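First up is the structure itself, then whatever we jot down about it.
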Amino acid sequence: MKLLLAALVSTLLFAKGIDVESLIKGLYPHARSVEKKSAILTPSQSRVIEKKAGAKLPSHLVRYYRIDKGKKEVFAIVIVQKVRTKKAAVMYFIANGAIEHIEILAFGEPPEFKPKNNWLEQFSGKTDKAGLKVGEDIAASSGATLSAKNVTKGARLALTIYEIVRRKQ
């Protein structure tokens, strides 16, 4: 079932016409390289991630991109989760253990529930030490509470996955 969800990620992004590598190259035009990678988390790693993030992993298969910027390395991790009744694919760009940028790749819910870019900007510089809870250290998004919680939960998962993936390299 978990691998099926991972396959749905690729299908969802392809169906929406999203070229993730072009998106990354647009955000990081001077990157030396962009490598598409994947990792299969062990049950032990998955338990650690879920406990630390306080959220259930959508899959044991993690798809991410490693962006080489010379002196700096950025990881872009895609998290796909159900918001209300439809799925959303969100890419979290992480450098040195902090969120650098968040990009919503696909959003199946009505457009009015999609978090706005200025709301997403509050995640910039946040680490796994920030707590990342809506209504506490992350402002709520009026009219998009479930979306806000979904993106915030994804941020906690992405930051924790980042730590595990970095250790494996």
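Tabulated data for the structure shown
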{"read-out": "Residue with peak Gaussian network fluctuation, the chain [Cα springs, cutoff 10 Å], from ARG84, ARG63, ARG156", "value": "ARG84"}
{"read-out": "Amide H contacts under 5 Å for ALA140, placed H, 5+ residues apart", "value": "GLY135"}
{"read-out": "Choice from ALA139, ALA106, ALA98 showing the highest fluctuation, given a GNM over the chain with Cα pairs closer than 10 Å", "value": "ALA139"}
{"read-out": "In Hz, Karplus ³J(HN,Hα) per residue of the stretch 145-151 (6.51, -1.76, 1.60; θ = phi - 60°; x = Gly, Pro)", "value": "4, 5, 5, 4, 5, 5, 5"}
{"read-out": "Residue-by-residue Karplus 3J(HN,Hα) for the stretch 75-85, coefficients 6.51, -1.76, 1.60, Hz, glycine and proline x", "value": "10, 10, 10, 9, 10, 10, 9, 7, 8, 10, 10"}
{"read-out": "Distance from the stretch 125-166 to the stretch 71-107 (C-alpha centre basis), Å", "value": "10 Å"}
{"read-out": "Shape call, the stretch 2-168: gyration tensor on alpha carbons, a/c limit 1.5", "value": "rounded"}
{"read-out": "Distance violations [Cα-Cα > 24 Å] among LYS51/LYS129; LYS69/LYS153; LYS25/LYS116; LYS86/LYS129; LYS72/LYS114; LYS114/LYS153", "value": "LYS69/LYS153; LYS86/LYS129; LYS72/LYS114"}
{"read-out": "Choice from HIS30, HIS60, HIS101 with maximal GNM fluctuation in the chain (Cα, 10 Å cutoff)", "value": "HIS30"}
{"read-out": "20 Å tail of the calculated P(r), the stretch 18-85, as % of Cα pairs", "value": "42 percent"}
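Laboratory data are not the source of any read-out in this text; all were calculated from the coordinates shown. All of these numbers come straight from a predicted model, not from anything done at the bench.
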